[in-house]
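The values are calculated or read from the model by the stated rules, or taken from the named source; none is laboratory data. In this text the structure is predicted, and so the values were computed from the model without any measurement. Note that we place each Cβ from the backbone using ideal geometry, even for glycine, and neighbour counts take in every protein chain shown. With ligands, DNA and RNA removed, areas are computed over all heavy atoms of the protein, side chains included. Shrake-Rupley method; radii C 1.70, N 1.55, O 1.52, S 1.80 Å.
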Amino acid sequence: MNRNLRDTLGMLSKATPSRLANLISVVASYYLARLTGKPVHWGLPVALSIEPTTSCNLRCPECPSGLRSFTRPIGMLDPASLETLLKEIGPSLWYMNFYFQGEPYLHPEFTHLVQLANSHGVYTATSTNAHYLNPENARKTVESGLDRLIISIDGTTQEVYEQYRIGGQLTKVLDGTRTIVEWKRKLKSSTPHIIFQFLVVAPNEHQMQDVHKLATELGVDEVAFKTAQVYDFENGNPLIPKDGRYARYQQGEDGKWSIRNRLLNHCWKLWHSCVITWDGTVVPCCFDKDAEHPMGNVKDQNFRAVWESNAYTAFRQTVLRSRSEIEMCKNCTEGTKVWG
């Protein structure tokens, strides 16, 4: 069976009557909100990202974790808090991504967190720099039931890789990949579906074909190319790739750079998903890296109360009225054409 098809079927296998009913409610309310311009919202999140930790071992130049630039505290997700959350929204939740900022495997109980979500029948995913995929962690990962493992590999030689993944060692990424593939074979497991994610930037764009070859050699299931977000782009940035298909930005006749997407006054993310930081703060989406728009905290109240709060309703209304009023939306990929 085609590996991508197998992963898709694995996600579809998580369907239940309650999840399907919730999905229909969310989709219907989203299109009604777009039509009326009012923040109509029904149902609970279909997908959710939760942050195991803000700690990271690398210093990537466009990442708050890498730059150590957070104003919010660094810490670890409490498994008990996750269990409480899953008891409330697990029946309607379809997809849980154990990643926001930081390196998930720095959480000492990371695979236990995955097991908790797996026990509720939720499709699980994470993104890692693969420096901690030693034999023990790889075995526990496969045994946890993790459905999707995204491995960041932004270069096929150390010289290129370290230009973005500062402080990283490509040999560790490759060894970790081999180890997880080997444990899948040993345990006769089709999961996790392993994805090499290649963040396309100017220093590595010449290696895009090479990463396909490397993935095939190692037994990786899929290669995904991702466009890079940069913060200072108006006057150009050395990370912006030359190939416009993989750049979020374009240069105008005046020499200034701008984001390519049209800033449309709606956002699917605000209706079907959200992000919860390690300490329980609910934020609208993955672009709110420093939690500048807190909607509430699941340690203080149940999730539904936050999801349906006046603060969330007001935020959705602002987006429907004018996304340009929200600074983080100006550098958002919502509405951007997808390439690659």
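Would you be able to tell me the number of residues in segment 208-225 that are acidic (Asp, Glu) and open to solvent by less than 30 Å² (accessible area, probe 1.4 Å)? Steps first, please.
If we filter segment 208-225 for residues that are acidic (Asp, Glu), which is where we start, we get 210, 217, 221-222.
Within this subset, residues satisfying the condition of being open to solvent by less than 30 Å² (accessible area, probe 1.4 Å) are 221.
The qualifying residues number 1.
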Inset, instruction - Can you run down the residue pairs with Cβ atoms below 6 Å, 6 or more apart or on separate chains, where the first is in segment 165-176 and part of a helix (DSSP H, G or I) and the partner is among the aromatic types (Phe, Trp, Tyr)? - result: LEU170/TYR161
Inset, instruction - Kindly indicate whether any position in segment 251-269 is out of contact with any strand residue (DSSP E or B) (no Cβ under 6 Å at 6 or more places or on another chain), modelled with pLDDT of 85 or more and part of a helix (DSSP H, G or I). - result: yes
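Rundown of residues vs (1) closer than 15 Å to PHE110 by Cα; (2) in contact with a strand residue (DSSP E or B) (Cβ under 6 Å, 6 or more places away or on another chain), yes/no style:
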| position | (1), (2) |
| --- | --- |
| ASN129 | yes, yes |
| ARG139 | yes, no |
| SER144 | yes, no |
| ASP154 | no, yes |
| GLU159 | no, no |
| GLY176 | no, no |
Legend entry - Candidate set: segment 80-137, residues that are open to solvent by 20 Å² or more (accessible area, probe 1.4 Å) and of a type in the set (D, E, K, R); chosen: the one nearest to HIS193 (Cα to Cα): GLU136
Legend entry - Selection within segment 270-313 - part of a loop (DSSP other than H, G, I, E, B), touching a residue at least 24 places away in the same chain (Cβ under 8 Å) and of a type outside the set (A, V, I, L, M, F, W, C): THR277, ASP279, GLY280, PRO284, ASP288, LYS289, ASP290, GLU292, HIS293, LYS299, ASN302, GLU308
Inset, instruction - Return the only residue of VAL173, VAL160 being under 20 Å from the mean Cα position of the chain (by Cα) and open to solvent by less than 60 Å² (accessible area, probe 1.4 Å). - result: VAL173
Inset, instruction - Of the conditions (1) at pLDDT 95 or above; (2) in a loop (DSSP other than H, G, I, E, B), ARG316 clears all except one; give me its number. - result: (2)
Legend entry - Single unsatisfied condition, LEU146 versus (1) part of a loop (DSSP other than H, G, I, E, B); (2) farther than 25 Å from LYS14 by Cβ: (2)
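Within segment 174-185, is there a residue that is touching a Gly at 6+ places or on another chain (Cβ under 6 Å) and hydrophobic (A, V, I, L, M, F, W, C)? Lay out the reasoning, then the answer.
Filtering segment 174-185 for residues touching a Gly at 6+ places or on another chain (Cβ under 6 Å) gives 181.
So of that shortlist, the ones also hydrophobic (A, V, I, L, M, F, W, C) come out as 181.
Scanning segment 174-185, I find at least one residue that is touching a Gly at 6+ places or on another chain (Cβ under 6 Å) and hydrophobic (A, V, I, L, M, F, W, C), so the answer is yes.
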Legend entry - Residue within segment 197-207 that is surrounded by 15 or more Cβ atoms within 10 Å (Cβ to Cβ), polar (S, T, N, Q), at pLDDT below 95 and in contact with a helix residue (DSSP H, G or I) (Cβ under 9 Å, 6 or more places away or on another chain) present: no
Legend entry - Close pairs (7 angstrom Cβ cut-off, 6 or more residues apart or separate chains): within 26 Å of ASN2 (Cα to Cα) in segment 223-234, surrounded by fewer than 18 Cβ atoms within 10 Å (Cβ to Cβ) and of a type in the set (Gly, Ala, Ser) anywhere: PHE225/GLY340
Legend entry - helices (runs of 4 or more DSSP H) wholly inside segment 1-116 containing at least 3 residues that are touching a strand residue (DSSP E or B) at 6+ places or on another chain (Cβ under 9 Å): 3-12, 79-89
Inset, instruction - Any residue in segment 196-221 that's outside any helix (DSSP H, G or I): show its pairings with residues that are among the polar types (S, T, N, Q) at Cβ separation under 6 Å, as long as the two are six or more apart or on different chains. - result: GLN197/SER152; PRO203/GLN163
